[in-house]
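Some notes on the structure that comes next.
The values are calculated or read from the model by the stated rules, or taken from the named source; none is laboratory data. Just so it is clear, the model here is predicted, and its values are computed rather than measured. So basically every Cβ, Gly included, is an ideal-geometry build from the backbone, and we count neighbours across all protein chains shown.
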Amino acid sequence: MIVAVAGGKGGVGKSTVAVNLARELEAVVVDADLSASDLPRCDGPGGPGLHEVLAGRIDPVDAVDRIGSIRILSCGRTLAGARASDLSELHRTVRRLEREYDRVVVDCPAGLARDVGIALQCSDVAVLVATPNRPALVDAFRTRTLALDLETPIAALVLNRSKDGTGERLVDQVEETFETRVTVLAERSSIEDARRVGRPVRDVRPNAKALDAFERVARTVERCTRRRLGSYCRTEVSETSIANSRPSPSETAAGERPIFK
């Protein structure tokens, strides 16, 4: 099982969802943002990460660190490392990790560039993350369009950082527009406490109410993945198809639904 966590807009909490989803699925999580990695790294100087893996310098399994209860293939922040990375190796990398660990969560970068398309096409299903506001939902819808064009189904959408019931009031509209199950994740101190120390919520606050939401997303992902793998296999990565599938500004503007107005 390979799950992409994406959303288009930066700063909506994709990495938080990715880390906690990986914890609930007992998966290894991959930081696929080659230039602005955000997942926690091990204490100390750390070893090689995704940059070195994609440059062919180390086997993916050998670059995985254990941080608390989760396994992470982190990524560096150097420009030289990003330039040396061969994105076409990401498909082989996550497949290698899947063979070793069975379950993989890929934390995608923001935007709709080639790196996002490759990560989506490498995955069995995708989980979208947005905050309950128009810009984030528009970007999440564009990511949905790209994922479906690449034949990667959407398993769930997380409405993150909901305040005063704003996310709950949007659930019906968002589910109708995105045609997928929506889970609302309210702003809670337990999530911030865990994020601050670079750990999943379950490891820091094992009785936190936020865990109910992460568990629901994990079970939804499992059901969606079983349905997909039972019907057809993943396609191989094709950079041409990724380029052709990326929605143009005019296409995405025309495809926006009334909820975003």
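Tabulated data for the structure shown
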quantity: Residue ranges of helices (runs of 4 or more DSSP H) in region 1-115 with at least 2 members within 24 Å of Arg226 (Cα to Cα); calculated: 14-25, 90-101
quantity: Check on Thr177, closer than 20 Å to Cys122 by Cβ and of a type in the set (S, T, N, Q); calculated: no
quantity: Residue that is under 14 Å from Val12 (Cα atoms) and acidic (Asp, Glu), where the choices are Asp172, Asp139, Asp149; calculated: Asp139
quantity: Filtered residues of region 157-171 (kept if buried (at least 16 other Cβ atoms within 10 Å of the Cβ) and either in a loop (DSSP other than H, G, I, E, B) or at negative phi (or both)); calculated: Leu157, Val158, Leu159, Asn160, Ser162, Gly167, Leu170, Val171
quantity: Failed criterion for Arg144 (all others in (1) crowded, with 20+ Cβ neighbours inside 10 Å; (2) under 15 Å from the mean Cα position of the chain (by Cα); (3) closer than 21 Å to Thr225 by Cα; (4) in contact (Cβ under 8 Å) with a residue 60 or more places away in the chain hold); calculated: (4)
quantity: Hey, Arg202 at pLDDT 90 or above and surrounded by fewer than 18 Cβ atoms within 10 Å (Cβ to Cβ) or not; calculated: no
quantity: Residue within region 49-72 that is in contact with a Ser or Thr (Cβ under 9 Å, 6 or more places away or on another chain) and surrounded by fewer than 15 Cβ atoms within 10 Å (Cβ to Cβ) present; calculated: no
quantity: Residues (surrounded by 24 or more Cβ atoms within 10 Å (Cβ to Cβ) and of a type outside the set (Gly, Ala, Ser)) located in region 7-22; calculated: Val12, Lys14, Thr16, Val17, Val19, Asn20, Leu21
quantity: Filter result for the condition that a residue is closer than 22 Å to Asp102 by Cβ and touching a Pro at 6+ places or on another chain (Cβ under 8 Å), over Ala126, Ala155; calculated: Ala126
quantity: Flag if Thr152 is part of a loop (DSSP other than H, G, I, E, B), crowded, with 18+ Cβ neighbours inside 10 Å and within 20 Å of the chain's Cα centre (by Cα); calculated: yes
quantity: Arg195 vs. criteria outside any helix (DSSP H, G or I), of a type in the set (D, E, K, R) and in contact with a Ser or Thr (Cβ under 7 Å, 6 or more places away or on another chain); calculated: no
quantity: Lone unmet requirement of (1) assigned to a helix (DSSP H, G or I); (2) free of Cβ contacts under 8 Å to residues at least 40 places away in the same chain for Val174; calculated: (2)
quantity: Residue check for Arg96: among the charged types (D, E, K, R), in contact with a Pro (Cβ under 8 Å, 6 or more places away or on another chain) and surrounded by 14 or more Cβ atoms within 10 Å (Cβ to Cβ); calculated: yes
quantity: Total residues in region 23-48, condition acidic (Asp, Glu), at pLDDT 90 or above and buried (at least 18 other Cβ atoms within 10 Å of the Cβ); calculated: 2
quantity: Pair list, Cβ < 6 Å and 6+ apart or interchain, from region 11-36 residues that are acidic (Asp, Glu) to residues that are outside any loop (DSSP other than H, G, I, E, B); calculated: Glu24/Phe214; Glu24/Glu215; Glu24/Ala218; Asp31/Asp107
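Listed here are the residues, each with its yes/no results for (1) in contact with a Cys (Cβ under 9 Å, 6 or more places away or on another chain); (2) modelled with pLDDT of 85 or more.
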position: Asn160; (1), (2): no, yes
position: Glu168; (1), (2): no, yes
position: Glu176; (1), (2): no, yes
position: Pro206; (1), (2): no, yes
position: Arg216; (1), (2): no, yes
position: Arg234; (1), (2): yes, no
position: Thr240; (1), (2): no, no
position: Ala254; (1), (2): no, no
